[in-house]
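Below is one structure, written out as structure tokens; comments come after it.
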Amino acid sequence: MHDVASKREIRIAYHLVDIRNLKSIQAHGLLSTQRLVELSTNVNRSMLRQHRPEEMHLDFGAFIRDQSTMQRKSIERALRSGVTPEDWFELLNSKVFFWLDLDSLNCHRAACKNQKQVVLAIDVRRMLDEYAPLASVSPINSGHAMRSAAPRNLSTFVPYEKWVESGWDSEQVPGISRRGSLWPAELAITGQIPDIARFVIGSVYWDASEALTERHIATQARVASNE
């Protein structure tokens, strides 16, 4: 079991930052949408349980992306176990998300809508030394639901430590077969990471006009990939 579990260790992840949010991150670290809304006085908390068709600008300068990659009707068809779209939106808004490979991040380029971005490379092992109890992984891109969206429910986010030990065994989604050894599509931390700068090992400004590769990110320390 130990040998199998060791192969599930995530070593590096990437967070995509809209350049308009750099000042907020420098002041507060990485915050979930829920935490951002709690700091704001111009947004009603009820939006945390609603679909976000347009981007939102908060009064203290932060920016929240839209949810154009999620269609409500597709979410309704994909949800299982009595989970409502409102439950799903609230769950997503409670987390900070990380991509686990550059290919997946590159697939997200169209959603950036020509806004300049900063890609942060994160030393996951160091971050999880402190945040493992708040960490979970998902076998799907939880923020994507277009046309035939993958089935999902609240168990789709598997606690990281449980995934390391037993993979996707704890995910119980009616209508899908056991996921086997499938690698996570994303890593999430519930709440916030105020000291995220401690775990950043590289960064790059990115206008999304070309595919991002490892050569674009100059790391300060050698960190093995997830391969």
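The values are calculated or read from the model by the stated rules, or taken from the named source; none is laboratory data. Quick caveat: nothing in here was measured; it's all calculated off a predicted structure. Every residue, glycine as well, gets a Cβ built from its backbone with ideal geometry; the counts of neighbours run over all protein chains shown.
Computed quantities for the displayed model
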{"item": "Looking only at the stretch 171-197, and only at residues there that are among the β-branched types (V, I, T) and at pLDDT 95 or above, the one that is farthest from V83 (Cα to Cα)", "result": "I196"}
{"item": "Check on V43, among the aliphatic types (A, V, I, L, M) and in a loop (DSSP other than H, G, I, E, B)", "result": "yes"}
{"item": "Residue among L105, L91 that is in a helix (DSSP H, G or I), farther than 21 Å from T190 by Cβ and under 14 Å from the mean Cα position of the chain (by Cα)", "result": "L105"}
{"item": "Pairs with Cβ under 8 Å, 6+ apart, first in the stretch 77-95 and over 13 Å from P151 (Cα atoms), second among the hydroxyl-bearing types (S, T, Y) and in a loop (DSSP other than H, G, I, E, B)", "result": "L92/S142; N93/S32; S94/S32; K95/S32"}
{"item": "Identity of the residue in the stretch 62-84, more than 17 Å from T156 (Cβ to Cβ) and not in a loop (DSSP other than H, G, I, E, B), that ends up farthest from the chain's Cα centre (by Cα)", "result": "K73"}
{"item": "Residue match in the stretch 207-223 (condition: in contact (Cβ under 8 Å) with a residue 40 or more places away in the chain, exposed (fewer than 14 other Cβ atoms within 10 Å of the Cβ) and among the small types (G, A, S))", "result": "yes"}
{"item": "Residue identified as assigned to a loop (DSSP other than H, G, I, E, B), under 23 Å from M70 (Cα atoms) and modelled with pLDDT of 95 or more among S148, S142, S155, S136", "result": "S142"}
{"item": "Residue in the stretch 176-194 that is polar (S, T, N, Q) and under 22 Å from Q34 (Cβ atoms) present", "result": "yes"}
{"item": "Condition check for L120: in a strand (DSSP E or B), at pLDDT 90 or above and farther than 21 Å from W88 by Cβ", "result": "yes"}
{"item": "Residue within the stretch 73-80 that is in contact with a Phe, Trp or Tyr (Cβ under 8 Å, 6 or more places away or on another chain), within 26 Å of Y160 (Cα to Cα) and not charged (D, E, K, R) present", "result": "yes"}
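Quick grid of which residues meet (1) exposed (fewer than 15 other Cβ atoms within 10 Å of the Cβ); (2) in contact (Cβ under 8 Å) with a residue 40 or more places away in the chain; (3) on the phi < 0 side of the Ramachandran plot; (4) in contact with a Leu (Cβ under 7 Å, 6 or more places away or on another chain):
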site	(1), (2), (3), (4)
I19	yes, yes, yes, no
S32	no, yes, yes, no
V43	no, no, yes, yes
M47	no, no, yes, no
Q50	no, no, yes, no
R65	no, yes, yes, no
Q71	no, yes, yes, no
W99	no, yes, yes, yes
D103	yes, no, yes, no
